[in-house]
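Remarks on the structure that follows.
Taken together, the values in this text are just the output of simple stated rules run on the coordinates, not laboratory data. It should be emphasised that the depicted structure is a prediction, and the values quoted were computed from it without experimental measurement. Using ideal geometry, Cβ is built from the backbone for each residue, glycine included, and neighbour counts are taken over all protein chains shown.
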Amino acid sequence: MQFRIDKCVELRMQRGKLKESNVITLPDAQLIQNVKEGGNKYLGVLEAGQIKHEEMKNKIQTEYFRRVKCILHSKLNGGNIISAINMWAVFVGQYSPGIVNWRKDEVERMDRKT
């Protein structure tokens, strides 16, 4: 088994704020960089000390509506369009309710727009 050190980042926080630190050099000359301003992606969710809920909501909504638009531009019949939306587009936001804080009105707005 091999570990991918190039995907590792260091996040140093002091009293809830991001603290700048030096790059870590490993014995085999690989480097572990600091977290960028945008945060780090872990299991598809942006984090930097805490989860970036608003950015993740925008990203999920954009990808969801992009996929719905692609499906609607295809030449599928009605039943197949619904199946495709359920299988391909809904999958984008399926994992997020347990991680990202969605309000009921946001979910209803997405549903109406769909």
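Remarks
- Full-extension gain in nm, HIS73 to ILE99, via 0.36 nm per residue minus C-alpha separation: 6.2 nm
- A Cβ-based charge dipole, computed about the Cα centre of the stretch 53-113 with Lys and Arg at +1 and Asp and Glu at -1, lands at about 220 debye.
- Cβ-based charge dipole, the stretch 53-113, positive-most Cα from ILE99, MET56, ILE82: ILE82
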